[in-house]
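Participant: Take this structure first; my questions come after.
The values are calculated or read from the model by the stated rules, or taken from the named source; none is laboratory data. Model, not experiment: these values are computed from the prediction. Backbone-built Cβ (ideal geometry, glycine too); neighbour counts: all protein chains shown. Calculation scope for accessible area: heavy atoms of the full protein, side chains included, ligands and nucleic acids excluded. Shrake-Rupley method; radii C 1.70, N 1.55, O 1.52, S 1.80 Å.
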Amino acid sequence: MGKKLRPEEEWALACLKAALPELTVCPWDDGSKPGMHDINLYSPDKVLQGAVEVTAAADGDAIKLWKLVNGEERCVYPGLAGGWVLRLRPSTRAKDLLRNLRALLADWEHRGVQEFSASWNDQDPTFVQASRLGIVTARQVLHP
């Protein structure tokens, strides 16, 4: 049994199969050696026609943020009393937000702040920070 394909490899495999129906498209990297390419392309007479390496040119923090925003994952910070629902600007910098979010939310909980809106004209330094981080609104959701 070979190694499990990453989601982007599965997607590339499906795209290649759809785009090249005359070729046999199959996974190649089984994890048995370092440096193996991901996919082989074979002609009907089983002659190797090409090799494909699937890469992703994306920032890991941006991907993590996308998954959080789109509900694929949840970020749990031990010590926080409740969940928080955030609305973010599209220009939010994932690395900055994720680096500062836990401390910001912990500070708000400590002070009893349960809601934030970037439209408020407030001099609270944490509100200014939240707005700079790309947070448009934030609301704490406490469960009994």
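Participant: Using the Cα centre as the reference, give the magnitude of the dipole from point charges on the C-beta atoms of segment 1-141 (Lys, Arg: +1; Asp, Glu: -1; all else neutral), rounded to the nearest 20 debye.
Facilitator: Working: 18 positive and 19 negative charges, 71 e Å.
Around 340 debye, computed over segment 1-141.
Participant: Under 20 Å between alpha carbons: how many lysine pairs meet that in the chain, if sequence neighbours fewer than 8 apart on the same chain are excluded?
Facilitator: Going through the chain pair by pair, I get 7.
Participant: Kirkwood hydrodynamic radius for segment 1-48: how many Å is it when counted over pairs of different Cα atoms?
Facilitator: When all Cα pairs of segment 1-48 are included, the Kirkwood radius is 11.3 Å.
Participant: Summing Lys, Arg as +1 and Asp, Glu as -1, what charge do residues with Cβ under 13 Å from the Cβ of Val113 carry, Val113 excluded?
Facilitator: -3
Participant: Most mobile of Ser131, Ser91, Ser43 per a Gaussian network model of the chain (Cα springs, under 10 Å)?
Facilitator: Checking each option, the largest mean-square fluctuation is seen for Ser43.
Participant: Follow-up question, since we're still on this one. I need the Kirkwood Rh of the chain: take the reciprocal of the average 1/r across all distinct C-alpha pairs and report it in angstrom.
Facilitator: 18.8 Å
Participant: Right, another one. Return the carbon/sulfur percentage of the accessible area of the chain, one whole number, probe 1.4 Å, all protein chains in place.
Facilitator: 55 percent
Participant: Can you tell which of Leu80, Leu105, Leu23 shows the greatest fluctuation in a Gaussian network model of the chain with Cα springs below 10 Å?
Facilitator: Of the options given, Leu23 has the highest mean-square fluctuation.
Participant: For segment 59-119, which trypsin sites (Lys or Arg not before Pro) pass both filters: DSSP loop (anything but H, G, I, E, B) and at most 13 other C-beta atoms within 10 Å?
Facilitator: Passing both the DSSP loop test and the Cβ count: Arg74.
Participant: Here's a follow-up. For the chain, set up a GNM with springs between Cα atoms under 10 Å and report which of Asp38, Asp107, Asp96 has the largest fluctuation.
Facilitator: Maximum fluctuation in the GNM of the chain, among the listed residues, is at Asp38.
Participant: Would you mind checking the tilt of helix 94-111 against the longest principal axis of the Cα atoms of the chain, expressed as 0 to 90 degrees and rounded to 10?
Facilitator: 30 degrees
Participant: I need the phi-derived Karplus couplings for segment 119-125: 6.51 cos²θ - 1.76 cosθ + 1.60, θ = phi - 60°, integer Hz, Gly and Pro marked x.
Facilitator: Rounded to whole hertz, the list is 7, 5, 8, 10, 8, 4, x.
Participant: Nearest 20 debye, what's the magnitude of the dipole of segment 88-144 about its Cα centre given +1 on Lys and Arg Cβ and -1 on Asp and Glu Cβ?
Facilitator: Here the size comes out at about 320 debye.
Participant: Next up: So how compact is segment 15-85: Cα radius of gyration and Dmax in angstrom?
Facilitator: Cα-based Rg and Dmax for segment 15-85 come out at 19.7, 63 Å.
Participant: By how many degrees, 0 to 90 and rounded to 10, does the Cα axis of helix 60-69 deviate from the longest principal axis of the chain?
Facilitator: The angle comes out at about 70 degrees.
Participant: Could you work out the local net charge near His37, counting Lys and Arg as +1, Asp and Glu as -1, over the other residues with Cβ closer than 10 Å to its Cβ?
Facilitator: So the environment of His37 carries a net charge of -3.
Participant: Per residue, what accessible area does the chain have, given a 1.4 Å probe and all protein chains present, in Å²?
Facilitator: Computed with neighbouring chains in place, this is 69 Å² per residue.
Participant: For the full complex of protein chains and a 1.4 angstrom probe, list Trp108, Trp11, Trp120 by accessible area with the highest value first.
Facilitator: So, going from the largest accessible area down, we get Trp11, Trp120, Trp108.
Participant: Among Cys15, Ile39, Leu65, which residue has its Cα positioned farthest towards the positive end of the charge dipole of segment 6-83, with +1 placed on the Cβ of Lys and Arg, -1 on the Cβ of Asp and Glu, and the dipole taken about the Cα centre?
Facilitator: Positive-most Cα among the choices belongs to Leu65.
Participant: Pop out the ³J(HN,Hα) list for segment 41-53 in order, Karplus 6.51 cos²θ - 1.76 cosθ + 1.60 with θ = phi - 60°, rounded to Hz; leave Gly and Pro as x.
Facilitator: Result, ordered by residue: 10, 10, 6, x, 8, 6, 9, 5, 9, x, 10, 10, 10 Hz.
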